1. For the ranges 118-128, 12-22, what's the packing order if you count other beta-carbon atoms within 10 Å of each residue, average per peptide, and put the highest first?
2. Near K112, which lysines are there with a Cα under 26 Å away, not counting those fewer than 8 places off in the same chain?
3. So for the stretch 1-130, averaging the separation of alpha carbon pairs under 8 Å that are six or more residues apart and normalising by length, what relative contact order in percent results?
4. Tabulate in residue order the Karplus-calculated ³J(HN,Hα) for the stretch 191-197, using 6.51 cos²θ - 1.76 cosθ + 1.60 with θ = phi - 60°, rounded to whole Hz; enter x for Gly and Pro.
5. If you take every residue apart from P123 with its C-beta less than 10 Å away from the C-beta of P123, what net charge results, scoring Lys and Arg +1 and Asp and Glu -1?
6. How many angstrom separate the Cα center of the stretch 76-148 from the Cα center of the stretch 212-236?
7. On each of the three principal axes of the Cα atoms of the stretch 119-212, give max minus min coordinate, whole Å, ordered largest first.
8. Could you put C250, C88 in order, starting from the residue whose Cβ has the fewest other Cβ atoms within 10 Å?
Amino acid sequence: MRRKLVAGNWKMNGSSESIRGLLQGIKEGAAPVAAVELAVFPPFVYLGLVEQQLSGTTVAWGTQNLSEQVSGAFTGEVAGSMLNDFHCAYVIVGHSERRTLYGETDDLVARKFAAARKVGIKPILCVGETLEERDQGVTESVVERQLKAVLDLEGVEAFNDAVIAYEPVWAIGTGRTATPQQAQEVHAFIRAKLAERNSTVAAKTRILYGGSMKAANAVELLAMADIDGGLIGGASLEAKEFLAIARAGC
Ligand code: 13P
């Protein structure tokens, strides 16, 4: 069976001090929720601190982005090999904030996904539709297009070492969560798309839900057949709330 993954995307939040406190709280509360895998995604500059605090624990870590390039004159970018220096297990690629605010295209996201795999870091590929797209009834075609860019470049077997996160853009940071049924529908659709290419890989791939997930709605969401965890924004900035979401998945 698929082990659930509860991942905290801290986005551009935190300080050395707040992160020390947050990690302390997560470490102290991790044992009772050991059935669920935990991971945190700090801003790049805190990666050393996070590695130092989490080494030897069961909590994994990674970053929110990486460069599609290997090295060279790419001011402000961070390469996959550098993430390896900090022993990242995962890296988020194609988050909707990267797509909408920083112009990341399906093609670029696919190349970032490939760059992560090349250095042995598991990408967490984010997909999801905007409210306008949902209202137009094109949710499935949007998600399919985002997924296809990666499948065509890397092949379905790449998902043996990758995770997918379905994050409806209209649910991110809005307090408006997809209903468990709405989320399940899209998760099942994503799994069916993988299964068209390889049913074994499809059955194994973890598909996380993201978008205003918190302890209060996590039980219902995580009970759905194709929801294998959560990618948590705001609610991951508090150890108690983050751990309560994990508990909902146990
Ligand atoms: P919120 O949980 O704050 O809605 O953010 C979700 C998200 O974007 C996680 O990547």
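1. The densest-packed peptide leads the list: 118-128, 12-22.
2. K4, K11, K122, K148, K193, K204
3. About 21 percent, as a whole number.
4. Whole-Hz 3J(HN,Hα) from phi for the stretch 191-197: 5, 5, 5, 5, 5, 4, 9.
5. With Lys, Arg at +1 and Asp, Glu at -1, the neighbours total +1.
6. Spelled out, the Cα-based centre of one part sits 20 Å from the other.
7. For the stretch 119-212, the Cα extents along the three principal axes come out at 34, 24, 21 Å.
8. The order, fewest Cβ neighbours first, is C250, C88.
Coordinate-derived values only; no laboratory data. Treat the numbers as computed from the prediction; the structure is a model and nothing was measured. In this analysis, Cβ positions are derived from the backbone assuming ideal geometry, glycine residues included, and neighbour counts consider all displayed protein chains.
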